């Protein structure tokens, strides 16, 4: 009972705080006073009837110490977990992680096919373009409120151009991100 009251109060607070924030504004203001913030956050829209989805974002740590993310919550989900996708004996498997650490002066990309957030028990329709709040908890860098836009599973016609800046990674989990990382590091 106490936990549900606490969660209701937390969700109310998070929802009220998030109303005036855009994703860019949240990262610009650095909702964590320690210089730890998130950017590029989005939640994957779900097919009808599903209650589980994933969220992706970039964690940026401009502080002088490592920040350890231990979990999260959201008003739209009964549970938020950190997960990692692995290739084990030729099979893609997912497993929960108790935490992820972002070293001082570093960033960590939570992306499809790698480390990401899983949202369970969603009882609302996720409409592309709408924003919802993710509240991330850390062991040593305060709480982090992250507005995240819902994005469709499918490519839009606009993203089918050859321009990589409009490339939509949502529609294909098995995309080879190592290739992009190598290209990015060669610049």
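The values are calculated or read from the model by the stated rules, or taken from the named source; none is laboratory data. Note that this is a predicted model, so its numbers are computed, not measured. FYI the Cβ positions are ideal-geometry reconstructions off the backbone, even for glycines, and counts take in every protein chain you see.
The listed residues are 86, 145, 136, and the only one of them that is touching a strand residue (DSSP E or B) at 6+ places or on another chain (Cβ under 7 Å), modelled with pLDDT under 95 and in a strand (DSSP E or B) turns out to be 86. The set of residues in segment 54-70 that are part of a strand (DSSP E or B) and more than 11 Å from the chain's Cα centre (by Cα) comprises 60, 61, 67, 68, 69, 70.
Taking first residues from segment 78-102 that are under 13 Å from residue 139 (Cβ atoms) and partners that are part of a loop (DSSP other than H, G, I, E, B), the Cβ contacts under 9 Å between residues at least 6 apart in sequence or on separate chains come to 82/98; 82/99; 99/139; 101/66; 101/139; 102/66; 102/141. Test residue 119 against the stated conditions and say whether it is in contact with a strand residue (DSSP E or B) (Cβ under 9 Å, 6 or more places away or on another chain) and at pLDDT below 95. Taking the combined requirement at face value, the residue does not satisfy it. I'd like to check something: does segment 124-133 contain any residue that is at positive phi and without any contact (Cβ under 8 Å) to a residue 60 or more places away in the chain? Yes. If you go through segment 89-115 and pick out every residue that is closer than 17 Å to residue 66 by Cα and not in a strand (DSSP E or B), you end up with 6. Checking each residue in segment 89-113 for being modelled with pLDDT under 95 and on the phi > 0 side of the Ramachandran plot picks out 89, 90, 113.
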